[in-house]
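Below is one structure, written out as structure tokens; the observations come after it.
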Amino acid sequence: VLLLYLQGHMFFGSADRIAKTLVTATTGLHTEQVKYCILSFARVIFIDSTAAKQVKASVDKAVRNGCKVLFCRMNEQVFDELWVARAITSPDGSMRHLLQARGIVIQDAAQGDLMDTHPSIESPMGRQHSLPRRLTTAFVPLGSGAHDAFDTETDALDYCNDLLVDEFCYNWEGVDSCMLSYRRACKMGARLSESDFEAMNGLQQGTMKELVEGGYLQSHPRLAHYTPLPKSGEGWSLYFIMRGAVVQLHTLSGEELVVSDGGKLHAEVKGYSGRGGKRFDCRLTPGHVAGKVSFVLGEKGIVDKDVIPSLQVSSRIAGYTELWELTSEKWRALHDQRPDLYGRLEQMLLRQLADERQHTYLTE
């Protein structure tokens, strides 16, 4: 996956350089390894119609070379021009939701793809143009699964990751049954069973049943999207994710928030909608445990609470999130009453923390 960040005003000359860069990136050495190229327009303030057409031509050439090009972090004007040039034909569900929230009517391409040549017709974003603009946004049907436009880089990377994982990790015989269950949980929003959770985390079979029957775990079966994770105790909690997902968010300080200043000093980096003053850290899917760092360190061990990410229910993976909560009070009781179960969970936490640290090495 190749991620390219663009910036500034895009017109014929600058788009030509971008087109050459895109062609080089997707047709140069080792291009057999580049299957997806993501273009981030977070710092692109404006693009004219000729530049959008050049981008479209470059996208078509990249596709012929076996590389799919994806778009993300576009402001309204940039999205409008790229859509009119047909560089964008299939935004993902989150992007379409944003469009509909702005009062834009969305139709499937099969239902209508009308052009109106009246010089004063409004574009999908509601501005007046002298060029022909479509009466409604006619996209490839959402159910096709083939998307090319996203709200953020994270969404685009998740999409690419999903396709690559399917192709290289699950397209062969002999995959562990717990991993197939995990894939169904991520792809179709199914619930991960306790036995599959145990297999994924190296826990002895029956551990979850003993924890539940012993009253150590609190059930949260239907948590709605965007809601903060509940806290049943006075201290920190661990959350065992069985369905849906949990996101870790870092709240930005005033110094970290970058606002648009007419393109003079700062570039508009919020993209199409922004994250409401929060930066996305990661998404934890079924089989993962959320809240490990704060739970292990406790109040006395945390140097700065502001660096601890907040946890909330993700709007992806499933229609709601289901999890088990282990409070710090129950954790202490477990240590005193069931040291065998305590030891198993302790080993699981060590493995997950080590695995996450391993992945940070890969990105450094």
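The values are calculated or read from the model by the stated rules, or taken from the named source; none is laboratory data. Since this is a predicted model, take the numbers as computed values, not measurements. Methodologically, a virtual Cβ is constructed for each residue, glycine included, from the backbone with ideal geometry; neighbour enumeration extends over all protein chains shown. Please note that ligands, DNA and RNA were not included when accessible areas were found on the heavy atoms of the full protein model with its side chains. Shrake-Rupley method; radii C 1.70, N 1.55, O 1.52, S 1.80 Å.
Do we find a residue being surrounded by 14 or more Cβ atoms within 10 Å (Cβ to Cβ), of a type outside the set (Phe, Trp, Tyr) and closer than 18 Å to residue 198 by Cα anywhere in the range 300-307?
no
I'd like the residue in the range 214-249 that is among the charged types (D, E, K, R) and over 19 Å from the mean Cα position of the chain (by Cα) and, out of all such residues, is least open to solvent (accessible area, probe 1.4 Å). Talk me through it step by step, then tell me what you get.
Taking the range 214-249 and keeping what is among the charged types (D, E, K, R), we get 222, 231, 234, 243.
Those left that are additionally over 19 Å from the mean Cα position of the chain (by Cα): 222, 231, 234.
Values: 222: 165, 231: 111, 234: 172 Å².
The selected residue is 231.
Please specify each residue of the range 150-180 satisfying the condition of being in a helix (DSSP H, G or I) and of a type in the set (Phe, Trp, Tyr).
Result: 159, 168.
Kindly provide the set of residues from the range 283-307 that are in contact with a helix residue (DSSP H, G or I) (Cβ under 8 Å, 6 or more places away or on another chain) and either polar (S, T, N, Q) or in a strand (DSSP E or B) (or both), ordered by number.
Correct list: 283, 285, 289.
Quick check on my filter: what residues within the range 308-331 are more than 22 Å from residue 234 (Cα to Cα) and not in a strand (DSSP E or B)?
314, 315, 316, 317, 318, 319, 320
I'd like the full set of residues that are open to solvent by less than 40 Å² (accessible area, probe 1.4 Å) and either under 20 Å from residue 360 (Cα atoms) or among the small types (Gly, Ala, Ser) (or both), limited to the range 283-294. Outline the logic, then answer.
Here is the first cut: in the range 283-294, the ones open to solvent by less than 40 Å² (accessible area, probe 1.4 Å) are 284-287, 289-292, 294.
Within the range 283-294, 284, 285, 287, 289, 290, 291, 292, 294 qualify.
Which one of these does residue 88 not meet: (1) part of a loop (DSSP other than H, G, I, E, B); (2) open to solvent by less than 30 Å² (accessible area, probe 1.4 Å); (3) at pLDDT below 85?
(3)
Test of understanding: among 193, 144, 130, which residue is open to solvent by less than 70 Å² (accessible area, probe 1.4 Å) and modelled with pLDDT under 85?
Going through 193, 144, 130 in turn, the sole match is 144.
Filter the range 35-72 down to residues that are farther than 15 Å from residue 6 by Cα, under 26 Å from the mean Cα position of the chain (by Cα) and open to solvent by 30 Å² or more (accessible area, probe 1.4 Å), then give me how many there are.
6
Quick one: how many residues across the range 167-190 are open to solvent by 50 Å² or more (accessible area, probe 1.4 Å) and either within 30 Å of residue 67 (Cβ to Cβ) or without any contact (Cβ under 8 Å) to a residue 12 or more places away in the chain (or both)?
So the answer is 12.
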